[in-house]
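Here's the structure, in structure tokens; my notes come after.
The values are calculated or read from the model by the stated rules, or taken from the named source; none is laboratory data. This structure is a prediction, so every number in the text was calculated from the model and none was measured. Because the Cβ atoms are built from the backbone with ideal geometry, glycine has one as well, and the counts that use them run over all protein chains shown.
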Amino acid sequence: MKRLVFGTRGSELALAQTRSVIAAVARQFPDIVCETKVITTKGDRLLDKPLVEFGGKGAFISEIEEKIKNGEIHAAVHSAKDMPAKLEDGLYIAGALERENPTDVLVTTDWKGFLRKEHPVVGTSSLRRREQISRHFPGCECSLLRGNVNTRLKKLKDGLYDGIILASAGLKRLGLSDKAEFQYHEFTADEMVPAGGQGIIVIETKRGSEFADVFSAISDERAQIELKLERRALELLGAGCHEPVGVFTEADLSARSVRIFLFRGKGEPQRAVVSLKDAEKYIEEMARHE
């Protein structure tokens, strides 16, 4: 029996995502025994400051990557949207599970009351979400919101915010997408362009990993294509937590085409439908266009 150790953050969502990866491995490779090692990151410890003040997306993965490199774990499970556009030397994304709903959701306890307010307070720590929510609710006031999903929902119930913005995928994976005490306003990808990789669970490991074929075998082709395109756009734009950038691609493998949405800070998002073979070139052109 081979032993495969996955590193992950300790939140309920991170652990749920790791269980999904382990279940995928178990279905195809019953001779592999998977284990989970919880790792606390800088992003988990510093919850009273915006990510832009202490390292951006790297704050959620640096400690985990170090343990991959020193051999304490074989691989890490991440939300793709939490990963910087460039990884540490010698590491790469070896697999991606089928994409969950990539959209954003505005969660409230009183939707009609939210709509009546001239200046509703919206909880989010994302610059991308801040810029885009103001297009739909020009009078809203955005306030810093950090912590795991349940912590954020508790703050909403406690009245600290009139609404909070969360990822649909996280709510669904935690079984929180249809609770009676909340109302959910889901934005389409056109209304609020998601973060690159949102809704995709990825596996990061060393180049030359003995488990590379395992991670490839459990991966979803469409998710891998979309993630590659979105990360290319983020790389070209130098995007992290310091820039209000959204990018989303929707590949149609049967038609060999892809829809592209790119939001870069102000105004309406750029949109296009192109052939799959031309998608990366087109994204490069979109990213370079001011």
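Conditions (1) farther than 19 Å from ARG152 by Cα; (2) surrounded by fewer than 19 Cβ atoms within 10 Å (Cβ to Cβ); (3) at pLDDT below 70, marked per residue:
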{"residue": "MET1", "(1), (2), (3)": "yes, yes, no"}
{"residue": "VAL5", "(1), (2), (3)": "yes, yes, no"}
{"residue": "THR8", "(1), (2), (3)": "yes, no, no"}
{"residue": "ALA16", "(1), (2), (3)": "no, yes, no"}
{"residue": "ALA24", "(1), (2), (3)": "yes, no, no"}
{"residue": "PHE29", "(1), (2), (3)": "yes, yes, no"}
{"residue": "GLU35", "(1), (2), (3)": "yes, yes, no"}
{"residue": "LEU47", "(1), (2), (3)": "no, yes, yes"}
{"residue": "GLY56", "(1), (2), (3)": "yes, yes, yes"}
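Do we have ARG129 as closer than 17 Å to SER79 by Cβ, buried (at least 20 other Cβ atoms within 10 Å of the Cβ) and out of contact with any Cys (no Cβ under 6 Å at 6 or more places or on another chain) here? Can you show your working first?
On the way: closer than 17 Å to SER79 by Cβ: yes; buried (at least 20 other Cβ atoms within 10 Å of the Cβ): yes; out of contact with any Cys (no Cβ under 6 Å at 6 or more places or on another chain): yes.
Answer is yes for this residue.
Look at ALA223 and say whether it is more than 20 Å from ARG130 (Cβ to Cβ), part of a helix (DSSP H, G or I) and within 15 Å of the chain's Cα centre (by Cα).
yes
What about LEU171, is it part of a helix (DSSP H, G or I) and farther than 24 Å from LEU91 by Cα? Break it down into steps so the answer makes sense when it comes.
Numbers: part of a helix (DSSP H, G or I): yes; farther than 24 Å from LEU91 by Cα: yes.
Answer is yes for this residue.
If you go through region 226-270 one residue at a time, how many are in a strand (DSSP E or B) and surrounded by fewer than 19 Cβ atoms within 10 Å (Cβ to Cβ)?
Adding up the residues that qualify gives 5.
Against the condition surrounded by 15 or more Cβ atoms within 10 Å (Cβ to Cβ), free of Cβ contacts under 8 Å to residues at least 60 places away in the same chain and not polar (S, T, N, Q), how does VAL202 come out, does it pass?
Spelling it out, it is not the case that VAL202 is surrounded by 15 or more Cβ atoms within 10 Å (Cβ to Cβ), free of Cβ contacts under 8 Å to residues at least 60 places away in the same chain and not polar (S, T, N, Q).
If you go through region 139-158, how many residues are without any contact (Cβ under 8 Å) to a residue 12 or more places away in the chain and over 20 Å from the mean Cα position of the chain (by Cα)?
Number of matching residues: 2.
Restricting to region 74-95, name every residue that is closer than 15 Å to PHE211 by Cβ, aliphatic (A, V, I, L, M) and crowded, with 23+ Cβ neighbours inside 10 Å.
ALA75, ALA76, VAL77, listed by residue number.
Could you tell me whether ARG135 is assigned to a helix (DSSP H, G or I), at pLDDT below 95 and under 18 Å from GLU191 (Cβ atoms)?
So ARG135 passes the test.
ALA217: loosely packed, with under 15 Cβ neighbours inside 10 Å, farther than 15 Å from GLU100 by Cβ and not assigned by TED's automatic domain parsing to the domain that holds ARG256, yes or no?
Spelling it out, it is not the case that ALA217 is loosely packed, with under 15 Cβ neighbours inside 10 Å, farther than 15 Å from GLU100 by Cβ and not assigned by TED's automatic domain parsing to the domain that holds ARG256.
Any residue at all in region 52-75 that is in a strand (DSSP E or B), under 20 Å from VAL38 (Cα atoms) and not basic (Lys, Arg)?
Yes: one or more hits.
Taking the conditions exactly as written (closer than 23 Å to LEU253 by Cα, part of a helix (DSSP H, G or I) and out of contact with any helix residue (DSSP H, G or I) (no Cβ under 7 Å at 6 or more places or on another chain)), does ALA189 satisfy them or not?
no
Assuming GLY147 fulfils every condition listed in (1) surrounded by fewer than 20 Cβ atoms within 10 Å (Cβ to Cβ); (2) more than 21 Å from ALA14 (Cβ to Cβ) apart from one, which condition is it?
Going through the list (1) surrounded by fewer than 20 Cβ atoms within 10 Å (Cβ to Cβ); (2) more than 21 Å from ALA14 (Cβ to Cβ), GLY147 breaks only (2).
When residues of region 265-278 are filtered for being modelled with pLDDT of 90 or more and either under 21 Å from the mean Cα position of the chain (by Cα) or farther than 16 Å from LYS228 by Cα (or both), how many remain? Let's see the steps before the verdict.
Quick first cut of region 265-278, residues modelled with pLDDT of 90 or more only: 269-278.
Within this subset, residues satisfying the condition of being either under 21 Å from the mean Cα position of the chain (by Cα) or farther than 16 Å from LYS228 by Cα (or both) are 269-273.
The total comes to 5.
Kindly list the number of the only condition in (1) surrounded by fewer than 24 Cβ atoms within 10 Å (Cβ to Cβ); (2) closer than 30 Å to GLN28 by Cβ; (3) of a type outside the set (Phe, Trp, Tyr) that fails for ARG152.
ARG152 satisfies every listed condition except (2).
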